[in-house]
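Step one of this worksheet: look at the structure below.
The values are calculated or read from the model by the stated rules, or taken from the named source; none is laboratory data. Owing to the predicted nature of the structure, the values given are computational and were not obtained by experimental measurement. Please note: Cβ atoms are built from the backbone with ideal geometry, for glycine as well, and neighbour counts cover all protein chains shown.
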Amino acid sequence: MSAAVLVERNLMIYKHTWYVLLAEIFEPILYLLSIGVGIGVLVGSVTGVTGGSPVRYAAFVAPALLATAAMNGAMNETTFLMFGKLKTDRTYESMLATPLSERDVALGEIAWAVLRGTLVSLAFLAVITALGLVESPWAILVVPGAALIAFAFATAGVVVVTFLRDWQDMQYIQLVMLPMFLFATTFYPLSVYPRPVQLVVQWLPLYQSIELLRNPALGVLSPRILVAAVYLAAMGALCLTVAVRRLGRTLAA
Amino acid sequence: MSVPAVHEFGYWWHRYRRTWRGTAVISIANPLLFVTALGFGLGRLVDERNSAYLHGGSYLAFIGPGLLAASAMQMGFIHGSGPVFQSARVGGNYRAAVTTPMEPSDIFTGHLLFTAFRATLDSAAILLVLLVFGAASPAALPGAVLTALAFATPISAYAVSTDRPAKLSALFRFVIMPLYMFSGTFFPAEQLPGPLRALVWLSPLWHGTELCRGSGPIVIHVLVLLALIVAGYLAGRRSYTRRLTA
Amino acid sequence: MNHTGALVSARGLTKIYEGPPEHVAVGGIDFDVRRGEAFGFLGPNGAGKSTTMRMIGCVSPRSGGELTILGHDAARDRRTIKARLGSVPQDDTLDTELTVEENILIYGRYFGLRRDVIRERTDRLLEFARLTDKRASRVQDLSGGMRRRLTIARSLVNEPDLLLLDEPTTGLDPQARHLLWERLFRLKQDGVTLILTTHYMDEAEQLCDRLAVMDGGRIVAHGSPRELIERYVTREVLELRFPLDRHEQAAEKARGIGERIEVLPDRLLCYTSDGEAALEEAGRRGLDPLTALVRRSGLEDVFLTLTGRTLIE
Ligand SMILES: Nc1ncnc2c1ncn2[C@@H]1O[C@H](COP(=O)(O)OP(=O)(O)OP(=O)(O)O)[C@@H](O)[C@H]1O
Ligand SMILES: [Mg+2]
């Protein structure tokens, strides 16, 4: 696997800037604390969780924040950072002068994004466990879950980055990600929406990601976990195929 | 206002005319999305419970002015950090400006005036939508502009002399974000546990939020924000001069 | 041309950058690089040198023609070819966040080399690049010339059979340049084939066994430096410099002196077999130059003749 050497390179880089990863979990933890002492008090417990008993608001939001962190971490790696390597640093040019191929570059960067997503989710899981927000031992499933989320969004990120022309275009990504974060049942259950809106929201990849983590974290073992896993695996596989092909073409110009 | 400062204002105005579409999206769409998701979505959960902390008001009416002030703070950060840092770098616009009759303090003043202008415009746009939602009062506008300047002025003073952009992102992560979360934007500050409740007085954003809500001792909130602007302005005149004439 | 024994062989090699606007950067060139020689590409800015180098380096796919490198087709066996290449691109592509040493380490890893092998080579490479005391510095803190030296050192980590150098000495101080020439000379002695581009004629003359002069995406001449000088320019050159307001006028008056006149923005070059005689002729015509210089002609004259603006008599 010559793609593995890209993971090696990233580890080397993060050896100098490991605090970036710490900062990445700092934000969801802030959200969590703010919710714990603040909004949680206003809301009390959430009753709209299908198949589950009422849960404390912070315990309800925590897995969604983890899903968002996994998504943002992976997307950040394969859009923002990768665009910089493509256009500004021209990192890949030096790699392609060696036996590495465009395919190795795509696979290696995705593998790294998944690995770091998993690491961040482990750290976050430790924090929410310490805060007493984990409701069930099944919560351990969020770790492979976060890896799958990272995979789906990392591959999607590579596809997106091949369409970007300049740094200004980066804000269109924000324009999709922020509403998704706000509306994909991060802060309240799906039942808040009228039925037609529910049907739309259920198709959002972040909604499926949240389902994948929230159910096991709350100890609800429902078939929805499986649906979400299949959805994200399919999304990742599709994006992977497109990503490898498109990035190959971008790099070989 | 010294006349040369107008040139610096003009420079930013000229740039703005080319790029306003992109920047408007970020600074206006962002708070409006938050208002919709939290005010209406989360608001349903909150209003059901009817917490005594909200004194009978709706969550939407609570969070509207809060988000207005919070986005004013973000504007202050956005305009006071990146553009100032970039302009002060070798090859940046400040470097060209100091070779003209403009003094560093004129450059600072001109840029700040532009920030004030942008903050007024963007806050007014946000406020307009909030009014339609019935989620704020028109009297909140000056509070928002003051909040933006209370952040932009000291942040510019700092950004002009910093050497690495990483310091600015650290400022955002470790100062701006925590302020955002705990200054009464999303929930009333009275809910905070005892010692934290006293600390919130130190948060400029909390004063801005209270101003936008029209609650508490208005004179004190205004004075705090003005003090920050004046202190930041004095510091900025010095740091601009030091950096640009070195 | 002889096909056998060629380490790199191009026939009708073409590169078209798909626009808009579509642009033919290399318009069907033929050349052979023999095992163990140093082959140079010369040519004005935009001639297509870097594009050609990038195609040889298997980083830019060709649009047409044939390209065989080390006995393999450049499009089909990229991995095999690249494993035996060393490459110094025109612009440095170092990892600026990493240290000097880490740059060599990770680059060696791209070739699948073992860490201990790389470590062992790193010491020698750093010494060659005179970067030993900078080994733990971040690349972003290096000067431009130091980065260039690191790029060159890095390209040798896999002990390549064929080394591609695109303007290797641009930005180097004179010492570093001479040190590099010496090192390249030794590599050549060890059997490494070199392909390089340069804008320095002394470098081309010193290092290259054979040269190809490119202009507008085509090869306009090739041969050894000596052959090129003999074929395209006279033995001597008379250089005349005038006040700028009289430059045009003097160029008109000088018509017919020597065999050919090259008008440069700041000087006139008269190509002739006898420089002193040409200078006398200039005096007879009442030309009153600020400075006049007779010298032997060199590669620079070949370059100007082939790619410049000429008045041919
Ligand atoms: N990626 C690209 N896309 C489009 N056109 C390109 C690209 N790279 C080079 N060109 C064009 O191809 C032509 C040849 O460029 P090339 O870089 O090969 O020139 P060069 O001989 O190396 O010049 P220099 O001496 O300036 O390095 C130029 O006209 C250039 O504009
Ligand atoms: Mg070139």
Of the listed residues (C:268, C:264, C:293, C:279), the one being more than 19 Å from residue C:230 (Cβ to Cβ) and free of Cβ contacts under 8 Å to residues at least 40 places away in the same chain is C:268
Failed item, numbered, when residue C:99 is tested on (1) within 13 Å of chain A (Cβ to nearest Cβ); (2) within 16 Å of ligand 2 (Cβ to nearest atom); (3) of a type in the set (Ser, Thr, Tyr): (2)
For region C:77-91, give me each residue that is within 14 Å of ligand 2 (Cβ to nearest atom) and either closer than 16 Å to residue A:102 by Cβ or crowded, with 21+ Cβ neighbours inside 10 Å (or both). C:87, C:88, C:89
Run down B:58, B:123 and say which single residue is over 22 Å from the mean Cα position of the chain (by Cα) and buried (at least 16 other Cβ atoms within 10 Å of the Cβ). B:58
Would a scan of region C:64-75 turn up a residue that is in contact with a Gly (Cβ under 7 Å, 6 or more places away or on another chain) and of a type in the set (Asp, Glu)? yes
For residue A:220, the lone unmet condition from (1) within 27 Å of residue A:56 (Cα to Cα); (2) in a helix (DSSP H, G or I) is (2)
Considering only region C:142-157, I want to know if a residue exists there that is more than 14 Å from chain A (Cβ to nearest Cβ), within 16 Å of ligand 2 (Cβ to nearest atom) and surrounded by fewer than 22 Cβ atoms within 10 Å (Cβ to Cβ). no
Which of (1) in a loop (DSSP other than H, G, I, E, B); (2) in contact (Cβ under 8 Å) with a residue 24 or more places away in the chain does residue C:253 not meet, given it meets every other one? (1)
Just the residues that are surrounded by fewer than 22 Cβ atoms within 10 Å (Cβ to Cβ) and on the phi < 0 side of the Ramachandran plot, please, taken from region B:214-223. B:215, B:217, B:218, B:219, B:220, B:222, B:223
Can you list the helices (runs of 4 or more DSSP H) found entirely within region B:185-246 that contain at least 3 residues being free of Cβ contacts under 8 Å to residues at least 24 places away in the same chain? B:194-199, B:218-244
Please go through region C:188-219 and give me each residue that is more than 16 Å from ligand 2 (Cβ to nearest atom), among the hydrophobic types (A, V, I, L, M, F, W, C) and in a strand (DSSP E or B), ordered by number. C:194
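Let's see how each residue does on (1) of a type in the set (Asp, Glu); (2) within 12 Å of ligand 1 (Cβ to nearest atom); (3) away from chain A (no Cβ under 14 Å):
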{"position": "C:6", "(1), (2), (3)": "no, no, yes"}
{"position": "C:20", "(1), (2), (3)": "no, yes, no"}
{"position": "C:36", "(1), (2), (3)": "no, no, yes"}
{"position": "C:47", "(1), (2), (3)": "no, yes, yes"}
{"position": "C:51", "(1), (2), (3)": "no, yes, no"}
{"position": "C:59", "(1), (2), (3)": "no, yes, no"}
{"position": "C:72", "(1), (2), (3)": "no, no, no"}
{"position": "C:76", "(1), (2), (3)": "no, no, no"}
Test: residue in region A:10-25 that is in contact with a strand residue (DSSP E or B) (Cβ under 6 Å, 6 or more places away or on another chain) and either crowded, with 23+ Cβ neighbours inside 10 Å or within 12 Å of chain B (Cβ to nearest Cβ) (or both): no
Under the condition of being facing chain A (nearest Cβ under 7 Å) and in contact (Cβ under 8 Å) with a residue 24 or more places away in the chain, which residue from region C:78-93 is nearest to the chain's Cα centre (by Cα)? C:89
Note: among A:120, A:134, just one is touching a residue at least 24 places away in the same chain (Cβ under 8 Å) and part of a helix (DSSP H, G or I), namely A:120
Among the listed residues C:184, C:163, which satisfies the condition of being away from ligand 2 (no atom under 16 Å from the Cβ), under 15 Å from the mean Cα position of the chain (by Cα) and within 14 Å of chain A (Cβ to nearest Cβ)? C:163
Picking from A:84, A:38, the residue that is at pLDDT 80 or above, within 12 Å of chain B (Cβ to nearest Cβ) and out of contact with any Asp or Glu (no Cβ under 8 Å at 6 or more places or on another chain) would be A:38
Search result, residues across region C:119-155 that are part of a loop (DSSP other than H, G, I, E, B) and more than 20 Å from residue A:91 (Cβ to Cβ): C:129, C:130, C:131, C:135, C:136, C:143
Checked region B:157-179 for anything in a helix (DSSP H, G or I) and either touching a Leu at 6+ places or on another chain (Cβ under 7 Å) or charged (D, E, K, R) (or both); matches are B:159, B:167, B:173, B:177, B:178, B:179
From the list C:172, C:184, pick out the single residue that is under 30 Å from residue C:32 (Cβ atoms), surrounded by 22 or more Cβ atoms within 10 Å (Cβ to Cβ) and in contact (Cβ under 8 Å) with a residue 12 or more places away in the chain. C:184
Out of B:49, B:89, B:95, B:44, I need the residue that is farther than 23 Å from residue B:175 by Cα and in contact (Cβ under 8 Å) with a residue 60 or more places away in the chain. Which one? B:95
Note on region B:98-115: residues buried (at least 19 other Cβ atoms within 10 Å of the Cβ) and either within 21 Å of residue B:26 (Cα to Cα) or free of Cβ contacts under 8 Å to residues at least 12 places away in the same chain (or both) are B:111, B:112, B:114, B:115
Taking the condition of being within 8 Å of ligand 1 (Cβ to nearest atom) and surrounded by 18 or more Cβ atoms within 10 Å (Cβ to Cβ), how many residues in region C:8-18 meet it? 1
If you take the residues of region A:239-253 that are away from chain C (no Cβ under 14 Å) and either free of Cβ contacts under 8 Å to residues at least 12 places away in the same chain or out of contact with any helix residue (DSSP H, G or I) (no Cβ under 8 Å at 6 or more places or on another chain) (or both), which of them is surrounded by the most Cβ atoms within 10 Å (Cβ to Cβ)? A:245
Please give the number of the condition residue A:186 fails out of (1) under 21 Å from residue A:229 (Cα atoms); (2) assigned to a helix (DSSP H, G or I). (2)
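So that you can scan it fast, the table gives a plain yes or no per residue for (1) within 22 Å of residue C:204 (Cβ to Cβ); (2) touching a strand residue (DSSP E or B) at 6+ places or on another chain (Cβ under 9 Å); (3) within 16 Å of ligand 2 (Cβ to nearest atom):
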residue	(1), (2), (3)
C:21	no, no, no
C:25	yes, yes, yes
C:30	yes, yes, no
C:47	yes, yes, yes
Selected residue (only one of B:186, B:151 is under 21 Å from residue B:34 (Cβ atoms) and either of a type in the set (A, V, I, L, M) or within 13 Å of another protein chain (Cβ to nearest Cβ) (or both)): B:186
Going through region C:102-121 one residue at a time, which ones are within 14 Å of chain A (Cβ to nearest Cβ) and among the β-branched types (Val, Ile, Thr)? C:104, C:106, C:118
